[in-house]
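Trainee: Take this structure first; my questions come after.
The values are calculated or read from the model by the stated rules, or taken from the named source; none is laboratory data. As the structure is a prediction and not an experimental result, all values here were calculated from the model. Backbone-built Cβ (ideal geometry, glycine too); neighbour counts: all protein chains shown.
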Amino acid sequence: MGRQQGWVLGLAGLVFFLVLFMNGTPGMATAEDGLVDQWTKQALQIEERVRQGGEENYLKAREETAVLAKSFARSDLSEVNLSIQGVEALSETLVELDRQLNRVMPASDDLNRAAERSALAFDAIAHPHQPLWYRYEPVFRKDIARVKGAAKKGNPENLRIAVRELILHYEQIEPALEVARKPMTVEKVRSLMNFLRSRVHINPLPREELRGGIRQWERMVPPLFNGPEEDVTAFGGGTLPPILPAALSLGGLIAMVLSYVGWKKHRYKQRRMPGRF
């Protein structure tokens, strides 16, 4: 079983490597033509309109989201040099933002979160060295302190709430991580968050497992924000069941390869039908 699993992971890794190699090195976008800067300004403007609230601002945000989505969909992303997972993450933020804006009664909290996720992700392309998602580093430090305090006082419900709040904050920067960090780094972080998410719903609350996960997250935060990125993967995985990281990594590789194939098909159809969006 172990040999078969290793063979499958090795094959998936080889396929993924070949796809990336043929498409260029994954990483940050180059803003030579100003397109990336334009996307970022649009995303930040949409976030500001959503934050201000009101029917008129929501209407303008909806129109501007449509313009941004159209520009993003029609661009030649191979020239922008986004990684596969970055393309998928940016697309998903636009889809979710559009869905929230087109609700009959927009929920302000959900809409604000969707707008921020999109803005942070697009900003991560234009500003790889000082991106806006870095502002979440002190937020995570406060989250960690809150979780530790709740665990020390022995209040399971407060501990549950504190862990959920930490996970919610992680979800805000996840698309930006997909853009800014290597696939293995993102998978390690996601594996840990999935582990915490799976434990926070259990009754009685497995406090020792949650403590172990939070200690691991505390070690991962500094290199995640300030580097070296390799330290994130070195710290990741210690608390998780052995099969979980391997399964998640394989699933992530397959998803990214399929997303890349789907995107290439989409680009091919656009080139065959130049007059259509």
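Trainee: Kindly indicate whether GLU79 is assigned to a helix (DSSP H, G or I) and over 21 Å from HIS169 (Cα atoms). Let's see the steps before the verdict.
Mentor: Details: assigned to a helix (DSSP H, G or I): yes; over 21 Å from HIS169 (Cα atoms): yes.
So GLU79 fits the description; yes.
Trainee: Further question on the same structure: Inspect the range 191-212 for any residue being surrounded by fewer than 19 Cβ atoms within 10 Å (Cβ to Cβ), assigned to a helix (DSSP H, G or I) and among the hydroxyl-bearing types (Ser, Thr, Tyr) and give the result as yes or no.
Mentor: Yes, there is a match, as at least one residue in the range 191-212 is surrounded by fewer than 19 Cβ atoms within 10 Å (Cβ to Cβ), assigned to a helix (DSSP H, G or I) and among the hydroxyl-bearing types (Ser, Thr, Tyr).
Trainee: Given ASN57, ASN23, which one is over 24 Å from PRO131 (Cα atoms), at pLDDT 50 or above and surrounded by 15 or more Cβ atoms within 10 Å (Cβ to Cβ)?
Mentor: On the way: ASN23 fails: at pLDDT 50 or above.
On inspection, the qualifying residue turns out to be ASN57.
Trainee: Restricting attention to the range 154-166, does a residue exist that is in contact with a Phe, Trp or Tyr (Cβ under 9 Å, 6 or more places away or on another chain) and at pLDDT 95 or above? Give the steps one after another, and end with the answer.
Mentor: First pass over the range 154-166, keeping only residues in contact with a Phe, Trp or Tyr (Cβ under 9 Å, 6 or more places away or on another chain): 166.
From what's left, at pLDDT 95 or above: 166.
The answer is yes; a qualifying residue exists.
Trainee: Could you please find all residues in the range 220-234 being in a helix (DSSP H, G or I) and modelled with pLDDT under 95?
Mentor: Just the residues of the range 220-234 that are in a helix (DSSP H, G or I), to begin with: 220-226, 230-234.
Matches in the range 220-234: ASN226, GLU230, ASP231, VAL232, THR233, ALA234.
Trainee: Then there is this: Cβ-Cβ below 8 Å, separation at least six or inter-chain, first residue in the range 209-238 and under 17 Å from LEU177 (Cβ atoms), second modelled with pLDDT under 90 and not in a helix (DSSP H, G or I): which pairs?
Mentor: GLN216/GLY236; GLN216/GLY238; GLN216/THR239; MET220/GLY236; PRO223/GLU229
Trainee: Is there any pair with a first residue in the range 102-118 that is in a helix (DSSP H, G or I) and a second that is small (Gly, Ala, Ser) whose Cβ atoms are under 7 Å apart and which are 6 or more apart or on different chains, and what are they?
Mentor: Listed pairs, sorted by first residue: SER108/GLY53; SER118/ALA43.
Trainee: So in the range 152-181, with the set limited to residues that are among the small types (Gly, Ala, Ser) and assigned to a helix (DSSP H, G or I), which one is farthest from HIS201 (Cα to Cα)? Explain how you work it out, then say what you get.
Mentor: Of the residues in the range 152-181, the ones among the small types (Gly, Ala, Ser) are 154, 162, 176, 180.
Pick out the ones that are also assigned to a helix (DSSP H, G or I) and you get 162, 176, 180.
On the way: ALA162: 13, ALA176: 27, ALA180: 30 Å.
The extreme case among them is ALA180.
Trainee: Let me ask something additional. Taking the range 149-182, which residues are surrounded by 22 or more Cβ atoms within 10 Å (Cβ to Cβ), small (Gly, Ala, Ser) and more than 11 Å from the chain's Cα centre (by Cα)?
Mentor: If the condition is that a residue be surrounded by 22 or more Cβ atoms within 10 Å (Cβ to Cβ), small (Gly, Ala, Ser) and more than 11 Å from the chain's Cα centre (by Cα), then ALA162 is the only one that fits.
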